[in-house]
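Bear in mind these aren't lab numbers, they're just calculated from the coordinates by the rules spelled out. Only a predicted model underlies this, so the values are computations on that prediction, with no experimental measurement involved. Glycine also receives a Cβ, built like all others from the backbone with ideal geometry; neighbour counts cover every protein chain displayed.
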Amino acid sequence: MEILNLEGTEDTPKIILDQGNGIFEISGRSLPEDSAEFYQPVLDWISEYSNSPNPSTEFTFKLEYFNTASSKLILDVLSALEDIDGMSIMWYFHEDDEDMEEAGEEFSELVEIPFEFKTY
């Protein structure tokens with residue numbers, strides 16, 4: 001499968017989806033002008049990946065901030081990951097960022113995927 005590698009900007013997160021090296025990460029700030037359009041390649045990639053996933057997949061979220069529109073798309077990403085066997089989520093947040101910690105906890109209650117929370 002092709003690697004999806006989107007460089008982060010002021011308004012968009014860095015995204016690396018690399019099946020061969022087992023790297024699945026969304027990090028940075030997510031407030032793209034059109035969230036649905038921005039996240040569509042990610043959802044397409046996950047859809048293709050779900051046809052022949054690795055035996056286990058650790059998907060990392062290391063977001064500093066996301067807007068309401070991104071929140072819906074992050075949930076769409078998590079929902080797409082839900083059907084993949086061996087999936088787990090690593091949710092990173094700054095030690096003093098209670099909002100991001102709570103966001104991760106809320107997402108974890110909405111999908112049937114094990115979440116692990118870590119500070120950085």
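Counting each DSSP H run of 4 or more residues in the chain as -39500 (n - 2.57), what helix-only mean residue ellipticity at 222 nm follows after dividing by all residues, to the nearest 500 deg cm²/dmol?
Using -39500 (n - 2.57) per qualifying helix, the result is -11500 deg cm²/dmol.
Give the percent of DSSP beta bridges with both residues in the chain that are antiparallel, rounded to the nearest 5.
That works out to approximately 35 percent antiparallel.
Please give me the summed charge of the neighbours of SER35: other residues whose Cβ is under 10 Å from its Cβ, Lys and Arg +1, Asp and Glu -1.
-3
Any idea how far apart THR9 and GLN40 come out in nm if each label point goes 7 Å out from Cα toward Cβ?
According to this spin-label approximation, the distance is 1.6 nm.
Among the lysines, which fall within straight-line cross-link reach of LYS72, defined as a Cα-Cα distance under 21 Å, with same-chain neighbours fewer than 8 residues apart omitted?
Those lysines meeting the cut-off are LYS14, LYS62.
Between MET1 and PHE117, what length comes free when the chain is fully extended (0.36 nm per residue of separation minus the Cα-Cα distance, one decimal in nm)?
Computed gain between MET1 and PHE117 is 38.9 nm.
Convert each backbone phi in the stretch 73-79 into a coupling constant with the Karplus relation 6.51 cos²θ - 1.76 cosθ + 1.60 (shift: θ = phi - 60°), then list the ³J(HN,Hα) values in order as whole Hz, x for Gly and Pro.
Each residue of the stretch 73-79 in turn: 6, 4, 5, 4, 4, 4, 4 Hz.
Computed FRET efficiency, Cβ-Cβ of ASN54 and GLU33, R0 25 Å: what is it to the nearest 0.05?
Once the sixth-power term is evaluated, E becomes 0.15.
Could you check the simple spin-label distance between LYS72 and ASP85, using points 7 Å along Cα→Cβ, in nm with one decimal?
In this crude label model, LYS72 to ASP85 measures out at 3.4 nm.
Of the listed values [x] 140; [y] 94; [z] 110, grab the one calculated as volume of the Cα convex hull per residue in Å³ from the structure here.
So the calculated entry is the one marked [y].
Divide, for the stretch 1-59, the radius of gyration over alpha carbons by 2.2 N^0.38 Å, where N is the residue count.
It is 1.13.
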